[in-house]
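Let me begin by presenting the structure, written as structure tokens, before commenting on it.
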Amino acid sequence: MSPLLQKIYDLQDINSLSKHEQIVNGIIDAIDAGVLKVGDKLPSINEMVSEVGYARKTFVKAYTELKERGLVESKNLKGYYIISEETNVTLKVALILFAFHSFQEDFYNTFRKELGKKYHIDVFFHHNNLSLFKTILDNISRKYGMYVIAPIQEEEVPAMLKQIPPDRLLIVDRYLKMPKDYSYVSQEFEDITYQKLEELTPQIKKYDRFVLFFKKNSDFPPEILAAFNRYVDNYQINGIVLDSYEPNTLKKSTAYFSISDTQLWKVLKDARKMEYRIGADIGILAHDDNIVKEIAFGGITTISTDFTLMAKKAAHFVKEGNPIKEITPTYLRQRNSL
């Protein structure tokens, strides 16, 4: 009898273990004992059925769990191979985000903390590039136990994501219309942005112009542009949309609305250089809050969702697997910049 099979047989007398748990724990024990190493091939399911005598579906379930833990990888027509000896990992999680912006760093740090050390997280960034997004999905397909994905809002994407079973996929950040059995913890952009701009109307109307920096074909949510255009039309405000901020073009009596931190820092740099008073000579409104915006220039007014709460909800889904369909609250944090 092989050492691996002996490990499995040794667990058969433990009544608290189901048959599939006996197989999983037997293979884990074999890895811990050095019987199995990275690169070793496991017996095929047919071989295991013949040797151990359990039902085929029992071995399929066991091998699937080992794959989800990141210990085993199946290679088409070649069988199952050991790819990791980190047996303390409960689940291997793929986290796909737009980019490592400061607010997504907050999401990751909370997500990581909530899951704890027994969950292995691999992070990927698609930068709103559909080709890159597809490549990432192709490369990680069937290699993870759970997928937490901030999707690109393109019509091709739902079909790509439907290749992942509903109980293993959570949509985060951007809402994407998917079949009803898929879960999400997302933001809502258009109506909430419009509502928050309405609340800021007395401050915005102190200025002669209201400028939004919005670059098309970027990862900016198009709903923010729609909300801005609807707002300036309904409130008869001199609204202007620019792709980006060009240095040394700062104008007094103008309120600037920046989605990108890069554009925001350029505006603030020129404001300091030109000795413009933030909140008086010019107004500043930013999207997505962080600690720097809380303290810089006496505080920058922001419209931002609660990424910490979103991350906690995502971690709970990964650990518990309970379906969830929630829009995360968005807050207006009024500070001295507007």
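If a residue has to be loosely packed, with under 15 Cβ neighbours inside 10 Å and more than 21 Å from Glu73 (Cβ to Cβ) to count, how many in the range 130-147 make the cut? So that I can check it myself, show each step before the final result.
Of the residues in the range 130-147, the ones loosely packed, with under 15 Cβ neighbours inside 10 Å are 130-132, 135, 138-139, 141-142.
Applying the additional criterion that residues be more than 21 Å from Glu73 (Cβ to Cβ) yields 130-132.
Result for the range 130-147: 3.
Quick check on my filter: what residues within the range 177-189 are out of contact with any helix residue (DSSP H, G or I) (no Cβ under 6 Å at 6 or more places or on another chain), outside any strand (DSSP E or B) and crowded, with 18+ Cβ neighbours inside 10 Å?
Listed by number, the list holds a single entry, Gln187.
So, in the range 96-130, exactly how many residues are under 18 Å from Asp261 (Cα atoms) and hydroxyl-bearing (Ser, Thr, Tyr)?
Summing the residues that are under 18 Å from Asp261 (Cα atoms) and hydroxyl-bearing (Ser, Thr, Tyr) in the range 96-130 gives 1.
Taking only the range 97-120 into account, find how many residues are closer than 30 Å to Asp40 by Cβ, buried (at least 18 other Cβ atoms within 10 Å of the Cβ) and not aromatic (Phe, Trp, Tyr).
Selection size over the range 97-120: 2.
Which residue, of Tyr231, Tyr276, is hydroxyl-bearing (Ser, Thr, Tyr) and within 22 Å of Thr193 (Cβ to Cβ)?
Values: Tyr276 fails: within 22 Å of Thr193 (Cβ to Cβ).
The match here is Tyr231.
Which one is farthest from the chain's Cα centre (by Cα) among residues in the range 1-51 that are of a type outside the set (D, E, K, R), farther than 22 Å from Ser84 by Cα and modelled with pLDDT of 70 or more?
Selected residue: Ser50.
Quick check on Tyr194: is it under 19 Å from the mean Cα position of the chain (by Cα) and surrounded by fewer than 20 Cβ atoms within 10 Å (Cβ to Cβ)?
For Tyr194, the condition - under 19 Å from the mean Cα position of the chain (by Cα) and surrounded by fewer than 20 Cβ atoms within 10 Å (Cβ to Cβ) - is not met.
When you look at Glu155, is it modelled with pLDDT under 95, charged (D, E, K, R), over 22 Å from Gln104 (Cα atoms) and part of a loop (DSSP other than H, G, I, E, B), yes or no? Full working, then the answer.
Working: modelled with pLDDT under 95: yes; charged (D, E, K, R): yes; over 22 Å from Gln104 (Cα atoms): yes; part of a loop (DSSP other than H, G, I, E, B): yes.
For Glu155, the condition - modelled with pLDDT under 95, charged (D, E, K, R), over 22 Å from Gln104 (Cα atoms) and part of a loop (DSSP other than H, G, I, E, B) - is met.
Is there any pair linking a residue in the range 133-145 that is assigned by TED's automatic domain parsing to the domain that holds Leu97 and within 14 Å of Glu156 (Cα to Cα) to one that is part of a helix (DSSP H, G or I) and not polar (S, T, N, Q), with Cβ under 6 Å and at least six apart or on different chains, and which?
Leu137/Met160
Looking only at residues in the range 78-94 that are part of a strand (DSSP E or B) and of a type outside the set (A, V, I, L, M, F, W, C), which one is farthest from Leu66 (Cα to Cα)? Let's see the steps before the verdict.
We begin by selecting, within the range 78-94, every residue part of a strand (DSSP E or B); these are 79-82, 91-94.
Applying the additional criterion that residues be of a type outside the set (A, V, I, L, M, F, W, C) yields 79-81, 92.
Working: Gly79: 13, Tyr80: 10, Tyr81: 10, Lys92: 10 Å.
It comes out as Gly79.
Can you tell me which of Val292, Val241 is without any contact (Cβ under 8 Å) to a residue 60 or more places away in the chain and not in a loop (DSSP other than H, G, I, E, B)?
Val241
Could you check the range 86-103 and list, in sequence order, the residues that are modelled with pLDDT under 90 and touching an Asp or Glu at 6+ places or on another chain (Cβ under 8 Å)?
Residues of the range 86-103 modelled with pLDDT under 90: 86-92, 98-103.
The answer is Thr87, Leu91, Lys92, Phe98, Ala99, His101, Ser102, Phe103.
The values are calculated or read from the model by the stated rules, or taken from the named source; none is laboratory data. No experiment lies behind these values; they were computed from the predicted model shown. Cβ sites come from the backbone with ideal geometry, for glycine too, and all protein chains shown count toward neighbours.
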